[in-house]
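Before I ask anything, let me first share the structure, which is written out below as structure tokens.
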Amino acid sequence: MKSKMVKAVLFSGAIIVALMLSSLSDVSYAQAKKALPPIKIGIVQSLSGMVSDYALEDLEGFRVKIAEVNDKGGVMTKEGRRKIDLLVRDDMLKPDVAVKNAKELVLEQKCDFLVGVISSGVLLAVSEWCKENKVLLWGWDARTHHATQARGHRYFFRSSGDTWMNGHAAASFWKDQPFTKWGFINQDYSYGRSQFESFTIAMKKMKPGFTIVTEQWPKLGSTDFTPYITALMAANPEAVYTSLWGTDAMTFIKQAKGYGLFDKVKVCGLFWGMPLLRPMGQEMVEGVYCMTEYPFVYPGTPENKAFMDTYKNRTGQFPSDYSVLGYNAATFVLAGIEKAGTAKTEPLIDALEGISIKTIAPAKTITARKCDHQADYGIVIGKSKKSPDWPWFILEDIQVIPGGPTMRPCEEIMAERAAAKK
Amino acid sequence: MPQKAKKGFFTRNLWLIIVVAFFAVFPLWSPVIWKHLATEIFIIALFAMSLNMILGRGGLPSFGHACFYCVGGYTTAIFTMKLHLPFSVAILSAPVVAAIFAAVIGFFSVRLTGIHFAILTLGFSQLVWAVAHKWYSFTKGDDGITGIPVPAGLGKITAYYYFVFFILIICLILIRVIQNSPFGNTVLAIRENRERVTFSGLKVWHHLWLNFVVAGFFAGLAGSLLVLLNRAVFPDFGYWTKSAAVVLMCIFGGVGVFIGPIIGAAAITLLEHYISIYTFYWQLALGCLIILLVIALPGGISGYIQDRLRQREEKRITPEVG
Amino acid sequence: MTGWVLMSQFLSGLTTAMIYFLIAAGLTLILGVLKIMNFAQGGIYMLGAYTCYTFIKAFGGTNSGFWLTLIIAPIAVAAFFCILEALLMRRFYEKVALYMLLLTYGILIATYDMARMIWGWIIKTAPMPPMFQRPVAIFGHPFPLYNVFLIFMGFFMFFLIWIVIRKTAWGKTMRAAADDREMTAALGINVPLVFTSVFGLGAWIAAMGGALVAPMGGMAADMGIDAGIVAFIVVVIAGLGSLPGALLAAFICGEVQAFGILVLPEFAIAFMYLVLVIVLIVRPWGLFGKPITIK
């Protein structure tokens, strides 16, 4: 009996202590010293599940930039230099948890604005909440084009490319290749569907004779791709386009190897850059067309090298596409705060519209377009190849596809938004 | 035996009145996020109470209760967003539709007991989840339905808090009345000794089935209330881990006590909220918590408190043996 | 549709079926003898995969390293869970089913974070042993050799477990303890030890499943949660405790999924649950289970 009582007391004690600690955090900030209060950025990210290592890289890239600025004493505002504080919450890949996190960060922790989201499904839910509550949300990764097109609004910006741009970029390369019969394999959720939509819409416009011979929709996290692979091959495509990522991409490649898929068809994988090549190591296949925003050794500019070194010193790892996404997002918001002189929502948004920043690779600058708050982030395509210098494959024959021309024209977006309102 | 003076209504239920009064004035001084949390806890408490009708009173381990929660939520969402029906219709139809699902699922399930009952309810609820997850044209699949409008009067959290609080009180009274009625007592008797009830001529299956349907009704209502709080619904509402979570809440709070599930719902919701703030390994923390709970406190918090109270009562009554 | 298309889809379904069987076989054994629904089975599978990854890498990715891994890794994981069972689970066998369900659920989600803490958050894949890296030709079409190996291992494991349960003294003791715990104890047999050994065997099978799957693709800590629900479906359709039933049910699920993809791609997942529900309505004790009386 006694041990049970002890346990019960410990439980209730733990709850009370936790509650007290959380309210304490506000108190210590209230007792701020003469220094200016820090700018609090709330970060909502999916740190659990299949996507967690990419999510962490977004975060680390962001942190690298923030650390650079904090080392100088903070970002310059009208009142003087203010440091940046980051409060990170795990949305567990669940939209309702993400909304809860947003509420807690903004209403309880008094964050000035929010950054984040890697999952497209989560993005739409959080973006909705931010629109209703007039909170700025800076999107650093989640790509569904609906978030800046039909469901876009004043309070959401995005620095990564969106699915519309990705698909049109791919089509701008593949329209010049002689393949018309395409097979598709994508994960069955909003991201996979958006990528499929945008590539097929673009190819229909740009490539005469384009046909979809098969679509495969494995669910996220499938251990076994063999039935999808055999169905894919049975339709005899000339080329295969896929947006599979993470463990699904790895499983697909490993299993498809055994069926000889890569010898029979050309395969184009979206975002098959470092995040895939690095864990695959020598298990990867040569001659696969990989599209990525950050080709590891290219372009070999001094800025790229400097970033690689800083990132490696801080985290012990080489950066990947995701690290750059985080870094760019931080660069954008900091530039906006400096231009507006404040972190208050409305002036900050006005400052961010149309703002340009310098980036590492592949383009020199990117701009957050005024009409839809989407940045014109580009992408590259290259072929995978073994490398004697690295334990993972690298890309050769790299072609850069700039972001601007792949974006949807503003008039179309505004028309779609107006139609949606009816 | 020493006589206990008959206490008046107010003195007997003093603690209840204090708690109700506390929550009635709570929104007047608390910060916004606490109002959100409290409203969410009310809703989840209703969900847990509905499960306990089957689990605690009925003695049937349902591992698919989230199904009705999910159906209720989607009904409200689809009625408002797709069919553009008025709010009152949407919120009243949700529990009815959930009850219909419960009627069908219960029809096949309540003739089983124990692990077979658990498995069948789990299977049905996963089927409903799979359909919600896949039927993109109807339910928008894993994107969920977002941006659900709420009538102007309930837009502010304080107003919605009182709305939910009011509904919760009414539902609790209803559940209490049902459980203390002859119907409810029969259900309890069935849990204790099925055969005897059969011999007494009462129809076991009918009682369990009706109990299941009523429980589904309240779960559907809870689902629709949550949807209106968060303005969104997702297939996750019906995933088996949600069913496991609400079973956990009932056990944590204590299945044998009327308010047990409410305590469990509050405790688990608060823990989840605060654990994930302090560590990214919240599932390890939750897992350990569950393990400790099952080992140390099988009666749940309220069971434990009841034990202690009873022990003290017994010490008082038993005369000193010289 | 050509013959090869149907044949390749069939073989793919068979591969999937074997994976399902390996996860489910341990679970059905535990269910049949210990009468508990072990939610943690998916977690054991996942840890089997991760442990295999560590050992394969430690042995340098060689063929002999792979065989050694298959011997060592599942035993290591099973041993760990035997200890867990002895410490935490023993007292709950005779109690209400609900507590055991919650306990194993708690263990499942704890293992998820454990894996992330030990192996980190980055996705991984176990290198494919060199001997399996070339495809084999079936009717002139390439087919992954490793899949052939997996299918073979599935059947091998089935026969191995079958022999253990039916023909060995250990197996007889298991079945005795399952049927009548008190009588078995009265005969002087240490029933808790028997139960632990059964749990260990069930865990070993799941861990072996994970280890075999590891070189086939990427692994993330949450692979256990999905695998668990698949195991559950297979076991229930099969009938609690029936090993041949598990093989048949796994086969049904694997082929339904493989051909479902050809016919109605969007609803492939829902098919499995539909089969589950139909079986449960018509024969709630599963295809091969012992019929229970329904009042």
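The values are calculated or read from the model by the stated rules, or taken from the named source; none is laboratory data. It should be emphasised that the depicted structure is a prediction, and the values quoted were computed from it without experimental measurement. Every residue, glycine among them, receives a Cβ derived from its backbone with ideal geometry; neighbour counts consider all protein chains shown.
Just checking, does segment B:217-232 include any residue being away from chain A (no Cβ under 12 Å) and among the basic types (Lys, Arg)?
no
Still on this structure, please answer the following. If only one of C:Phe139, C:Phe195 is aromatic (Phe, Trp, Tyr) and either within 11 Å of chain A (Cβ to nearest Cβ) or on the phi > 0 side of the Ramachandran plot (or both), which one is it? Give the derivation first.
On the way: C:Phe195 fails: either within 11 Å of chain A (Cβ to nearest Cβ) or on the phi > 0 side of the Ramachandran plot (or both).
Sole residue among the options that is aromatic (Phe, Trp, Tyr) and either within 11 Å of chain A (Cβ to nearest Cβ) or on the phi > 0 side of the Ramachandran plot (or both): C:Phe139.
While we're looking at this one, here's another question. Can you pull out every residue in segment C:248-267 that is more than 8 Å from every other protein chain (Cβ to nearest Cβ) and either at pLDDT below 80 or buried (at least 24 other Cβ atoms within 10 Å of the Cβ) (or both)?
C:Ala249, C:Ala250, C:Cys253, C:Gly254, C:Val263, C:Leu264 - these are the residues of segment C:248-267 that are more than 8 Å from every other protein chain (Cβ to nearest Cβ) and either at pLDDT below 80 or buried (at least 24 other Cβ atoms within 10 Å of the Cβ) (or both).
Quick check on segment C:22-79: of everything there that is of a type in the set (Phe, Trp, Tyr) and part of a helix (DSSP H, G or I), which residue is nearest to C:Arg90 (Cα to Cα)?
Checking each candidate, the answer is C:Tyr45.
Next question. Can you list the helices (runs of 4 or more DSSP H) found entirely within segment A:92-205 that contain at least 1 residues being at pLDDT below 90? Don't jump to the end; show me each part of the working.
Values: elements: A:95-103, A:120-133, A:163-174.
Counting at least 1 such residues, we get A:95-103, A:120-133.
Right, another one. Which condition does B:Val255 not pass, out of (1) without any contact (Cβ under 8 Å) to a residue 12 or more places away in the chain; (2) not in a helix (DSSP H, G or I), if it passes all the others?
(1)
Further question on the same structure: Within segment B:102-132, can you find the residues that are aromatic (Phe, Trp, Tyr) and either surrounded by fewer than 23 Cβ atoms within 10 Å (Cβ to Cβ) or modelled with pLDDT under 85 (or both)? Can you show your working first?
Residues of segment B:102-132 that are aromatic (Phe, Trp, Tyr), as a first pass: B:107-108, B:117, B:124, B:129.
Within segment B:102-132, B:Phe107, B:Phe108 meet the criteria.
Just for segment A:230-271: of the residues that are outside any helix (DSSP H, G or I) and within 12 Å of chain C (Cβ to nearest Cβ), which one is surrounded by the fewest Cβ atoms within 10 Å (Cβ to Cβ)?
Here is the first cut: in segment A:230-271, the ones outside any helix (DSSP H, G or I) are A:235-245, A:259-260, A:265-271.
Filter once more, keeping what is within 12 Å of chain C (Cβ to nearest Cβ): A:235-236, A:244-245, A:259-260.
Numbers: A:Ala235: 18, A:Asn236: 13, A:Leu244: 27, A:Trp245: 25, A:Tyr259: 23, A:Gly260: 16.
Per the criteria, the residue is A:Asn236.
Does A:Leu232 qualify as being touching a residue at least 12 places away in the same chain (Cβ under 8 Å) and more than 26 Å from the chain's Cα centre (by Cα)? Walk me through it before giving the result.
Values: touching a residue at least 12 places away in the same chain (Cβ under 8 Å): yes; more than 26 Å from the chain's Cα centre (by Cα): yes.
Yes, satisfied.
Suppose the filter is in a helix (DSSP H, G or I), facing another protein chain (nearest Cβ under 8 Å) and of a type outside the set (Asp, Glu); does B:Ile290 pass it?
Details: in a helix (DSSP H, G or I): yes; facing another protein chain (nearest Cβ under 8 Å): yes; of a type outside the set (Asp, Glu): yes.
When the stated conditions are applied, B:Ile290 passes them.
All but one of (1) in contact (Cβ under 8 Å) with a residue 40 or more places away in the chain; (2) in contact with a Phe, Trp or Tyr (Cβ under 9 Å, 6 or more places away or on another chain) hold for C:Leu103; state the number of the condition that does not hold.
Result: C:Leu103 fails condition (1) only.
Identify all residues within segment B:85-139 that are of a type in the set (Ser, Thr, Tyr) and either more than 26 Å from A:Pro95 (Cβ to Cβ) or touching a strand residue (DSSP E or B) at 6+ places or on another chain (Cβ under 8 Å) (or both); write none if there are none. Full working, then the answer.
Within segment B:85-139, the first condition is being of a type in the set (Ser, Thr, Tyr), and the residues that meet it are B:88, B:93, B:109, B:113, B:121, B:125, B:136-137, B:139.
Within segment B:85-139, B:Ser88, B:Ser109, B:Thr113, B:Thr139 meet the criteria.
How many residues does segment B:11-44 hold that are in contact with a Ser or Thr (Cβ under 9 Å, 6 or more places away or on another chain) and under 23 Å from B:Lys242 (Cβ atoms)?
The number of residues fulfilling the criteria is 5.
Among the candidates B:Phe138, B:Phe166, single out the residue that is under 30 Å from A:Ser120 (Cα atoms), exposed (fewer than 14 other Cβ atoms within 10 Å of the Cβ) and among the aromatic types (Phe, Trp, Tyr).
Just one listed residue meets the conditions, B:Phe138.
Enumerate the helices (runs of 4 or more DSSP H) found wholly within segment C:158-229, keeping only those where 3 or more residues are under 22 Å from the mean Cα position of the chain (by Cα), buried (at least 17 other Cβ atoms within 10 Å of the Cβ) and not small (Gly, Ala, Ser). Let's see the steps before the verdict.
Numbers: elements: C:169-179, C:181-186, C:191-213.
Ranges flagged: C:191-213.
Only one residue in A:Arg82, A:Arg89, A:Arg151 is in contact with a strand residue (DSSP E or B) (Cβ under 6 Å, 6 or more places away or on another chain), within 14 Å of another protein chain (Cβ to nearest Cβ) and basic (Lys, Arg). Which one?
Details: A:Arg82 fails: within 14 Å of another protein chain (Cβ to nearest Cβ); A:Arg151 fails: in contact with a strand residue (DSSP E or B) (Cβ under 6 Å, 6 or more places away or on another chain).
One residue alone meets the criteria, A:Arg89.
I've got another one for you. Restrict the check to segment A:383-403 and report whether at least one residue is under 18 Å from the mean Cα position of the chain (by Cα) and more than 16 Å from A:Leu270 (Cα to Cα).
No, segment A:383-403 contains no residue that is under 18 Å from the mean Cα position of the chain (by Cα) and more than 16 Å from A:Leu270 (Cα to Cα).
Which count do you get for residues in segment A:21-54 that are modelled with pLDDT of 75 or more and under 27 Å from A:Glu338 (Cβ atoms)? Please lay out each step first, then the result.
Taking segment A:21-54 and keeping what is modelled with pLDDT of 75 or more, we get A:36-48, A:51-54.
Among the residues that remain, those that are also under 27 Å from A:Glu338 (Cβ atoms) are: A:36-45.
Matching residues across segment A:21-54 total 10.
Can you find, within segment B:158-194, the residue that is farthest from the other protein chains (Cβ to nearest Cβ) among those that are over 19 Å from B:Val257 (Cα atoms) and within 22 Å of the chain's Cα centre (by Cα)?
Step one: list which residues in segment B:158-194 are over 19 Å from B:Val257 (Cα atoms), which gives B:158-167, B:193-194.
From what's left, within 22 Å of the chain's Cα centre (by Cα): B:160-167.
Numbers: B:Tyr160: 13, B:Tyr161: 14, B:Tyr162: 19, B:Phe163: 18, B:Val164: 16, B:Phe165: 19, B:Phe166: 23, B:Ile167: 20 Å.
Selected residue: B:Phe166.
Here is a follow-up. When only residues in segment A:57-74 that are touching a strand residue (DSSP E or B) at 6+ places or on another chain (Cβ under 8 Å) and assigned to a helix (DSSP H, G or I) count, which is nearest to the other protein chains (Cβ to nearest Cβ)?
From segment A:57-74, those touching a strand residue (DSSP E or B) at 6+ places or on another chain (Cβ under 8 Å) are A:58-59, A:62-63, A:66, A:69-70, A:72-74; that's our starting set.
Going one step further and asking which of them are assigned to a helix (DSSP H, G or I), we end up with A:58-59, A:62-63, A:66, A:69-70.
Details: A:Asp58: 13, A:Leu59: 11, A:Phe62: 16, A:Arg63: 15, A:Ile66: 19, A:Val69: 25, A:Asn70: 22 Å.
Among them, the one singled out is A:Leu59.
Now, a different point. May I ask you to list the residues in segment A:131-150 that are over 21 Å from A:Asn101 (Cα atoms) and either of a type in the set (Asp, Glu) or surrounded by fewer than 24 Cβ atoms within 10 Å (Cβ to Cβ) (or both)?
Of all residues in segment A:131-150, those over 21 Å from A:Asn101 (Cα atoms) come to A:145-146, A:148-150.
Across segment A:131-150, the qualifying residues are A:His146, A:Gln149, A:Ala150.
Hey, another quick one. Can you confirm whether A:Thr367 is at pLDDT below 90 and within 24 Å of A:Tyr298 (Cα to Cα)?
On the way: at pLDDT below 90: yes; within 24 Å of A:Tyr298 (Cα to Cα): yes.
Yes.
Just a yes or no: is a residue in segment C:113-131 at the interface with chain B (Cβ under 10 Å from one of its Cβ atoms) and polar (S, T, N, Q)?
Within segment C:113-131, not a single residue is at the interface with chain B (Cβ under 10 Å from one of its Cβ atoms) and polar (S, T, N, Q).
Residues that are within 12 Å of chain C (Cβ to nearest Cβ) and closer than 29 Å to B:Ile251 by Cα: which helices (runs of 4 or more DSSP H) entirely in segment B:61-147 hold 2 or more of them? Spell out how you get there, then give the answer.
Values: elements: B:66-81, B:87-109, B:114-134, B:136-139.
Per the criteria, B:87-109, B:114-134.
If you go through segment B:51-58 one residue at a time, do you hit one that is of a type outside the set (A, V, I, L, M), buried (at least 20 other Cβ atoms within 10 Å of the Cβ) and not in a helix (DSSP H, G or I)?
First, the residues of segment B:51-58 that are of a type outside the set (A, V, I, L, M): B:52, B:56-58.
From the residues that got through so far, the ones that are buried (at least 20 other Cβ atoms within 10 Å of the Cβ) too are B:52, B:56-58.
Subsequent filtering for residues that are not in a helix (DSSP H, G or I) retains B:58.
Looking for residues that are of a type outside the set (A, V, I, L, M), buried (at least 20 other Cβ atoms within 10 Å of the Cβ) and not in a helix (DSSP H, G or I), one finds at least one in segment B:51-58, hence yes.
State whether one or more residues within segment C:47-70 are within 29 Å of C:Leu248 (Cβ to Cβ) and surrounded by fewer than 20 Cβ atoms within 10 Å (Cβ to Cβ). Even if it seems obvious, please write down each step before you answer.
As a first pass, look at segment C:47-70 and keep what is within 29 Å of C:Leu248 (Cβ to Cβ): C:47-49, C:52, C:70.
From what's left, surrounded by fewer than 20 Cβ atoms within 10 Å (Cβ to Cβ): C:70.
Yes, segment C:47-70 contains at least one residue that is within 29 Å of C:Leu248 (Cβ to Cβ) and surrounded by fewer than 20 Cβ atoms within 10 Å (Cβ to Cβ).
Collect the residues in segment C:136-166 that are of a type in the set (A, V, I, L, M, F, W, C) and under 14 Å from C:Ser12 (Cβ atoms), keeping them in residue-number order. Let's see the steps before the verdict.
Initial filter on segment C:136-166 (of a type in the set (A, V, I, L, M, F, W, C)): C:136-139, C:143, C:145, C:148-153, C:155-165.
Matches in segment C:136-166: C:Ile138, C:Phe143, C:Val148, C:Leu150, C:Ile151.
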